[in-house]
Amino acid sequence: MKNYTLAIHGGAGTILKSEMNPSKEELYKNGLEEALNNGFKILENKGSALDAVVLAVETLENNPLFNAGKGAVFSANGNHEMDASIMDGKTLKAGAICGVEGIKNPIKLAQSVMNNSNHVILSGKGAIDFAKDQGFELLENDYFFDSYRHEQWQRVKKTDEFILDHSPNKADKYGTVGAVALDQDGNIAAATSTGGMTNKKYGRIGDSPIIGAGNYANNNTCAISCTGSGEYFIKGVVAYDVSCLMEMKNLSLKEAAELTIHNRVKKIGGDGGLIAIDKNGNFALPFNTKGMYRGVKSKKGIHQINIY
């Protein structure tokens, strides 16, 4: 039986053990564990990498601890504007949505764009019209309401400030979720989803739905899901940068991922992290912040959940 592996993340940034009580830490770890196990079961049962990353991300979207889906932060208008993307390493097919409201699982809509349209990215009203045509249910804002997220928004509402997810005083917790997987057929895939930043304005879009910036997959190199300072990850084309270093410089997955996160993106002022996997089941989980919610599980017996 061939190797198969799944890695997930729930965001990176200033995540300090001193600011995390044991019960809250356990909740985060349990949330990561649930997503990891759900996606891994698909791989165990000879399912596709695509289905595994979708279910893993969907599980995180359903958990209000993470800034995606149900836990999405409040934008300046008091709504929840969500982004997501997915990519198939075998075919290079991809789908993404930007600035959608009322969609329970944005990653499922991104998957539908990939499978049922001739486009890669749909945004705003057009994405919602497509969702309706595809039979997606539109939920009211109260489904996405979370008291902690609402409190965050109240602190910066009607100002030009914004907050990146959990950090109360500093804009440096990047609330994104993602998954990368290798299945038993040797195919890889990546999926990423986010609620963006608290109090974001003007329809701001980060790197998560942009293929090559926050999400990328190619069977010849790797699958990548990023979490970080979105504008810098876009400028650095971070997800594709890892793949390109492997293809053009013949670097290993670990070498390429660490060079990108610890050197190339930092040189332009960006911080955050990524999860990566290649066709041989090698994985890398580098980050240049205080922590990153992350987990990995493989047929070879590796099973890890970490925060710091």
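Points to keep in mind about this one:
- Sole exception among (1) free of Cβ contacts under 8 Å to residues at least 60 places away in the same chain; (2) surrounded by 24 or more Cβ atoms within 10 Å (Cβ to Cβ) for S18, by number: (2)
- Elements of type helices (runs of 4 or more DSSP H) in the range 37-151, at least 3 residues being of a type in the set (A, V, I, L, M) and modelled with pLDDT of 95 or more: 49-61, 106-116, 124-133
- The residues of the range 210-226 that are closer than 19 Å to G99 by Cβ and assigned to a strand (DSSP E or B), listed by number, are I211, N215, C226.
- Restricting attention to the range 57-76, the residues being touching a residue at least 60 places away in the same chain (Cβ under 8 Å), surrounded by fewer than 24 Cβ atoms within 10 Å (Cβ to Cβ) and not small (G, A, S) number 2.
- Taken over the range 118-149, the criterion of being within 22 Å of the chain's Cα centre (by Cα) and of a type in the set (S, T, Y) is satisfied by S123, Y143, Y148.
- Across the range 217-243, the number of residues qualifying as under 12 Å from the mean Cα position of the chain (by Cα) and β-branched (V, I, T) comes to 2.
- Annotation: of all residues in the range 260-291 being farther than 19 Å from Y216 by Cα and either buried (at least 20 other Cβ atoms within 10 Å of the Cβ) or hydrophobic (A, V, I, L, M, F, W, C) (or both), the one that is modelled with the highest pLDDT is I268.
- Filtering the range 292-303 to residues that are closer than 15 Å to T5 by Cβ and surrounded by 14 or more Cβ atoms within 10 Å (Cβ to Cβ) leaves R294, G295, V296, K297, S298, K299.
- The set of residues in the range 181-219 being of a type in the set (A, V, I, L, M), surrounded by fewer than 24 Cβ atoms within 10 Å (Cβ to Cβ) and without any contact (Cβ under 8 Å) to a residue 40 or more places away in the chain is empty.
- Residue match in the range 233-251 (condition: at pLDDT below 95 and either among the basic types (K, R) or touching a His at 6+ places or on another chain (Cβ under 8 Å) (or both)): no
The values are calculated or read from the model by the stated rules, or taken from the named source; none is laboratory data. Just so it is clear, the structure is predicted and the values come from calculations on it, not from any experiment. For neighbour counting, all protein chains shown are included, and Cβ atoms are generated from backbone atoms with ideal geometry for every residue, glycine included.
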